[in-house]
Amino acid sequence: MTVLSLANVAVYYGPVRGVVDVDLCVDEHEIVALLGANGAGKSTVLKAVSGLVRPRAGTISFRGEDLKRVPAATRVRRGLVQVPEGRRIFPALTVRENLELAAFGFGIARAARRARLESVVERFPLIRAHLQKLAGMLSGGEQQVLAIARGMMAEPKLLMVDEPSLGLAPQMVESVYDLLVQIAAEGTPVLLVEQNVTLAFEITSRAYVLQQGRVVLAGHSAALADDPRVVAAYLGAGGAAAR
Amino acid sequence: MSWNTVGPDVVAGLFLGAFFALIAVGYSMVYGILRLINFAHGDFYMAAAFVSYSILGAVTLGTRINWGNVVWVGIVTMAAGGVLAVAVERLVYRPMRRAAVLSLMIAALGVSQILENGVLNIPAWGSNYLPFPVTPPTTGFDLAGVHYTWTQLGIVVIALVLIVVTYFVVNHTMLGTAMRAVAQDRAAATLMGINTDRIISLVFFIGGALAGAAAVMASLYYGQINYLMGFSIGLQAFTAAVLGGIGNVAGAAVGGLLLGILESVGTGLFGPQWALLFAFGALVLTLWLRPSGLLGERIGQRV
């Protein structure tokens, strides 16, 4: 079953084009990569899906439902969860507050929230020792794990992760990626935005490559991994023509 | 200069400071969440005073004070102050959510003028100094040769209780955590499923309600109200918030009390014409010497 699908989505920032003609889908149990160079429009796609920007054209549907009139916060409550670029944890709140907050908007009882916290901490042992610390005191890698853990507090039906490897040490990147694989294996599909293609192809089944606001390549990760057009798209030479 | 000359001024400064603090907390919370210096905040206080004046006038026979009436009118006035603040946010500031902060501030000046002139144009209110319908009794206690009334004591106590409750809500409840999160990063808070508009409304409501409480108490204390009463106290509350470190509840409270004492002692030493000079002198000095205020703007305590 298709969890998320975008058809002909276009986003503009005033007169400036963000993305156009984006068609994309994520099915259950998949990890799908959204690739592209800096400024290609990857984060814009996620913002549109989350409802932080309003598309000028096209349809975004989540589990068969058109999201056009669904406010951003409501999308999260329905399970459409984004771990934004740069982690965006709340540095001046404690780790525990960061986590609890992520389930607060759901109107669930305090006990249920605590239970969720307990099960998320169970799964992210790295977090447990730091619960009472201010989140801003964590290292970059720990913050990234916290950001993903925070996403899991919302019990997502789709987890979108924007550039989780940015600024992390290679070992840390590996463990963050392991987490994503594990999350997908447990039934939550993942839409992964990455600049680092080599890494992304390792854990994803399919990938889309954006260049200058358009999807220029789409297919199975294994096939794309050897496709010279991917490199071309990154270098900005002839990527669009190659389609 | 001995305690006998300055002491009574310090105590009187606490009364004044209690009003400043109540208004400053709302000022500061709104700043924390929207980065907006809401120049209309003092006029929430003013408008609330008129609301309490009319309700209390309608239910009071003679001038004998009925504390039961004062209490429920006080609560209704707090609600009215809160609703007014929420309405202003909803109708004026929310449509400007993506505008520059400077535009918001200019809009706030506009709202201030609209509220003042709105009150001015209501026939029952107008431009005169109106005597507050009830006068508190003068019974009380003596301290170092100066007489204080129970009402004065009650005002300071209630103000402190309201501020402590606000502090607790902001710093020790999930709702308060949500407010602090929205203040730190609104988009990230949205991605947590938090309805940020509702949180912002709530902050305005709390600020307006505290201003409403201050309005009832100050009207009782001074015995008269006027449509311009919100202007200077608004600026003084802003000063108090900056003095304490704008954006956090504790800072606003400390700044309010301190400014009240400073003004009162200054008035005692040099005469009442110096009062505002002290207040704004303090503002300039703070901005000059310690722009983050006494308690600093630790991001953690914003809102």
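General remarks:
- Relative contact order (%) - criterion: Cα under 8 Å, at least six apart; region: chain B: 37
- Förster radius 41 Å - calculated FRET efficiency between residue B:294 and residue B:139, Cβ distance, rounded to 0.05: 0.65
- Each Cα pair under 8 Å and six or more residues apart adds its sequence gap; the mean of these over the residue count of chain A is a relative contact order of 27 percent.
- FRET efficiency for residue A:119 and residue A:226, using Cβ-Cβ distance with R0 set to 45 Å, rounded to 0.05: 0.65
- Taking a straight line from the alpha carbon of residue A:68, these lysines sit under 29 Å away, with near neighbours fewer than eight places off in the same chain left out: A:42, A:47, A:157.
- Mean accessible surface per residue for chain A, computed with a 1.4 Å probe while every protein chain stays in place, in Å²: 43
- Distance from the alpha carbon centroid of segment B:215-286 to that of segment A:211-233 works out to 64 angstrom.
- Whole-Å distance, taken between Cα centres, linking segment B:25-77 and segment A:50-106: 38
- Remark: chain A carries a charge dipole of roughly 1040 debye about the Cα centre, counting +1 on each Lys and Arg Cβ and -1 on each Asp and Glu Cβ.
- Note on chain A: dipole from Cβ charges, positive end direction compared against A:109, A:48, A:228; the farthest Cα belongs to A:109.
- Each residue of segment B:276-293 is assigned a 3J(HN,Hα), and the resulting list reads 5, 4, 5, 4, 7, x, 4, 4, 5, 4, 4, 5, 7, 8, 8, x, 7, x Hz, derived from the Karplus form 6.51 cos²θ - 1.76 cosθ + 1.60 (θ = phi - 60°), x at Gly and Pro.
- Rounded D (µm²/s) - segment B:7-301, Kirkwood Rh over Cα pairs, Stokes-Einstein at 4 °C, 1.567 mPa s: 67
- Expected 222 nm ellipticity per residue - DSSP helices of 4 or more, -39500 (n - 2.57), all of chain A, to 500: -11000 deg cm²/dmol
- The residues of segment B:7-301 have, on average, 41 Å² of accessible surface per residue, using a 1.4 Å probe with all protein chains present.
- Viscosity 0.692 mPa s, temperature 37 °C, Stokes-Einstein D of the protein assembly as shown from Kirkwood C-alpha radius, µm²/s: 126
- Measuring how big segment A:2-235 is from its alpha-carbon positions, Rg and Dmax come out at 17.3, 53 Å.
- Just the protein heavy atoms count here, and of the accessible area of segment B:143-247 at 1.4 Å, carbon and sulfur take up 72 percent.
- When the accessible areas of A alone and B alone are added and the area of the pair subtracted, with a 1.4 Å probe, the result is around 1900 Å², both sides summed.
- Percent accessible area from carbon and sulfur atoms, chain A, protein chains only, probe 1.4 Å: 52
- Residue among B:57, B:88, B:45 farthest towards the positive dipole end of segment B:1-106, charges placed on Cβ: B:88
- For chain B, a Gaussian network of Cα nodes joined below 10 Å ranks B:115, B:143, B:16 by mean-square fluctuation, and the top entry is B:143.
- If a spin label sat at a point 7 angstrom from the Cα of residue B:169 along the line to its beta carbon, the backbone N atoms of segment B:24-44 nearer than 12 Å would be those of B:26.
The values are calculated or read from the model by the stated rules, or taken from the named source; none is laboratory data. None of these values were measured; they are calculated from a predicted model. FYI the Cβ positions are ideal-geometry reconstructions off the backbone, even for glycines, and counts take in every protein chain you see. Ligands, DNA and RNA are excluded from the accessible area calculation, which covers all protein heavy atoms including side chains. Shrake-Rupley method; radii C 1.70, N 1.55, O 1.52, S 1.80 Å.
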